[in-house]
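The values are calculated or read from the model by the stated rules, or taken from the named source; none is laboratory data. Everything numeric in this text was worked out from a predicted model, so none of it was measured. Using ideal geometry, Cβ is built from the backbone for each residue, glycine included, and neighbour counts are taken over all protein chains shown. Remember, those area values only see protein heavy atoms, side chains included, never the ligands or the DNA or RNA. Shrake-Rupley method; radii C 1.70, N 1.55, O 1.52, S 1.80 Å.
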Amino acid sequence: MKRVLDVARIQLVNWPALLAFPLAMVAVLPLLGWGIDVSNGDGALGAHEIYLLPALWGVAAPAHLQSMTQVFPFSLGLGVTRRTFAAATALVVAGQALLLGLAMVALAVVERSTGGWGREARIFDLDVLGRHDPFALWFVYSGPLVAVSAIGVLAGVVFQRWHQTGIYLALAGAVALLAGIKVLVARRSWWPAIGDFLGGQPSFALYTVYPVAFALALGGAAWLVLRRATA
């Protein structure tokens with residue numbers, strides 16, 4: 001375990017991308033929401049929601065791609081095993097997600113206590129996330145971050161193993177797979193059933209359980225590629 005923690009600390013050399021920039025984005029979201037309300041004028045009057053959380057996901061995920069393409073080769077040179085590096089990466093991903101989730105819980109409390117930043121605007125306390133106690137909400141915020149971070153990890157491993165060619169082929173394969181699924185679902189008329197299924201799921205499952213399961217699947221794929229990746 002000490003070795004895993006040591007390697008995690010090596011990854012934290014990239015702390016601006018892993019922690020500083022995402023935390024800064026969390027802090028800036030209320031200001032971005034205020035700017036959107038100002039630009040909307042009278043249209044922003046009354047209770048309303050502003051969906052800015054995906055912007056945070058986009059800031060948090062790329063750091064893990066950098067870890068796989070920059071820190072991984074360096075760690076191999078220090079004699080770190082791939083298994084240890086993978087465990088350290090999982091620890092860093094979880095730690096980053098939980099820290100950012102905790103920051104969002106704190107801002108959600110501020111948002112409620114200030115009446116939506118004084119203008120009935122909801123950026124963190126969104127209806128789509130459901131109503132939870134602070135502890136459960138912590139995981140609701142953290143789940144999507146783990147999922148997008150897993151995408152960054154897998155992209156970084158693919159790049160490290162096959163370089164740009166691997167990224168292009170992976171993107172093409174992902175687009176083809178999604179297009180095939182869309183065609184199949186449309187032909188089978190499964191969209192209503194899928195909508196009913198998702199609509200009947202608790203928000204905790206949608207934003208915590210399923211994203212973590214998705215991240216585990218991508219993590220498994222990343223591990224299979226990482227075993228063959230070289231410095």
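Worth pointing out:
- Surface composition of the chain: carbon and sulfur atoms hold 71% of the protein heavy-atom accessible area at a 1.4 Å probe.
- Modelled this way, with points 7 Å down the Cα-to-C-beta line, the labels at ALA136 and ALA221 are 3.1 nm from one another.
- The residues of the chain have, on average, 54 Å² of accessible surface per residue, using a 1.4 Å probe with all protein chains present.
- In order through segment 115-125: 3J(HN,Hα) via Karplus (6.51 cos²θ - 1.76 cosθ + 1.60), integer Hz, x for Gly, Pro: x, x, 6, x, 9, 6, 9, 10, 10, 9, 8
- One Cα centroid belongs to segment 1-54, the other to segment 186-231; the line between them spans 23 Å.
- Figure note: ASP6, ASP196, ASP37 ranked by solvent-accessible area, largest first, 1.4 Å probe, ligands and nucleic acids not counted: ASP196, ASP6, ASP37.
- Of the listed residues ARG122, ARG9, the order by accessible area with a 1.4 Å probe, largest first, is ARG9, ARG122.
- Entry note, the chain: the mean residue ellipticity at 222 nm calculated from DSSP H runs of n ≥ 4, each adding -39500 (n - 2.57), is -23500 deg cm²/dmol after division by the residues and rounding to the nearest 500.
- Computed from phi, the 3J(HN,Hα) profile of segment 131-139 under the Karplus parametrisation 6.51, -1.76, 1.60 (θ = phi - 60°) reads 10, 9, 6, x, 5, 5, 4, 4, 6 Hz, with x in place of Gly and Pro.
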